[in-house]
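Worksheet for the structure shown next.
The values are calculated or read from the model by the stated rules, or taken from the named source; none is laboratory data. A quick note: this is a predicted structure, and the numbers were derived from the prediction, not measured. Cβ atoms come from the backbone with ideal geometry, glycine included; neighbour counts cover every protein chain shown. Just the protein is used for accessible areas: all its heavy atoms, side chains included, with ligands, DNA and RNA removed. Shrake-Rupley method; radii C 1.70, N 1.55, O 1.52, S 1.80 Å.
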Amino acid sequence: MATFEKLKFVAATKPIHQPPIVQRRNKLIGKIWEQIELVKSQANGTQLEIKKYKTVKDATGNSQRIAVNKRIKPWWYQDIDGKLCISIRYGSKIVELKRGMPSIQVADFEGLLESLEIIKTEVGNGSFDQEIERASGALKANFKTK
């Protein structure tokens, strides 16, 4: 029973709902993961295949769920100097990770991959919660009725 004594017991319960900022962090981390996979596939010269499910009706009117490839737009572009620049997006809004500088400049796909991994880690740690909140608020403002 000596091993049982080493365990640390706590009176914690699983939360029913996650706080909104944690949900937003997880959403952004998922999108960054997609971008990482897109960079890897383009560096290897392969086609990225992430599936999403779509409900369609057949000729008889029955609904069926089918898997289709998800279209993922790259967040990076090539600037005038030939270097790659990446902007982190939350929905359609660009998240300014540093005030007044919305893009990160890298030399190649390896730098792009490294930058995305760093950003993903920092988002998970909560370093950019204010920026995510600001982008989320801007998105919500687009949906309000007059």
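Identify, please: which residue in segment 80-106 is in contact with a Pro (Cβ under 9 Å, 6 or more places away or on another chain), open to solvent by less than 50 Å² (accessible area, probe 1.4 Å) and part of a loop (DSSP other than H, G, I, E, B) and is, among those, modelled with the lowest pLDDT?
VAL95
Looking at segment 1-12, which of the residues that are at pLDDT 85 or above and not charged (D, E, K, R) is farthest from ASP129 (Cα to Cα)?
It comes out as LEU7.
Taking the condition of being of a type outside the set (Gly, Ala, Ser), free of Cβ contacts under 8 Å to residues at least 12 places away in the same chain and closer than 16 Å to ILE118 by Cα, how many residues in segment 17-59 meet it?
Residues that pass the stated criteria total 1.
Restricting the first residue to segment 120-135 and requiring it to be free of Cβ contacts under 8 Å to residues at least 24 places away in the same chain and among the hydroxyl-bearing types (Ser, Thr, Tyr), which pairs with a second residue that is open to solvent by 30 Å² or more (accessible area, probe 1.4 Å) and part of a helix (DSSP H, G or I) meet a Cβ separation below 9 Å and a spacing of at least six or different chains?
From segment 120-135, the pairs are SER127/THR121.
Looking at segment 60-71, I want the residues that are among the hydroxyl-bearing types (Ser, Thr, Tyr) and have a partner that is assigned to a strand (DSSP E or B) and loosely packed, with under 10 Cβ neighbours inside 10 Å with Cβ atoms under 6 Å, at least 6 apart or on another chain. Which pairs are those?
SER63/THR55; SER63/LYS57
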